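Engineer: Dumping the structure here so I can ask a few things about it.
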Amino acid sequence: MTDVHPILVPREIVNADSVFVVRWLVGDGDVVRPGTTVCEVETSKAVMNVDAEAAGHLRRRAAEGDEVPIGGVLGYLTAPVDTPLP
């Protein structure tokens, strides 16, 4: 894994320009593995899970209730936990 891997709002969400972060399922700084569901986001039509694509320490960038554009950064996965974020 590279030192910093972004967690992005999936582009597969059609008919939406942005999503709202409903809730984080993993604590800030916790270690996750690929495939771990890290948060739930809401479009105008549904609530969807967002999964980690890599392993690392979760570093949240968006807070619950924040609106994030499609393709925008929800958070990062880092190794180690104190890696500087972009």
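Every number in this text was worked out from the coordinates using simple rules, so none of it is lab data. Predicted, not measured: the structure shown is a model, and the values here were computed from it. Neighbour counts run over all protein chains shown; Cβ positions are idealised from the backbone, glycine included.
Engineer: Sort all Cα-Cα distances of the chain into consecutive 10 angstrom bins from zero, then give the percent of pairs in each bin up to the one containing the longest distance.
Structural biologist: All Cα pairs, binned at 10 Å, distribute as 20, 53, 24, 3 percent.
Engineer: Among 69-82, 25-38, what's the highest-first ranking by average C-beta atoms within 10 angstrom per residue? Mind showing how you got there, number by number?
Structural biologist: Values: 69-82: 16.1, 25-38: 13.9.
Highest mean packing first, the order is 69-82, 25-38.
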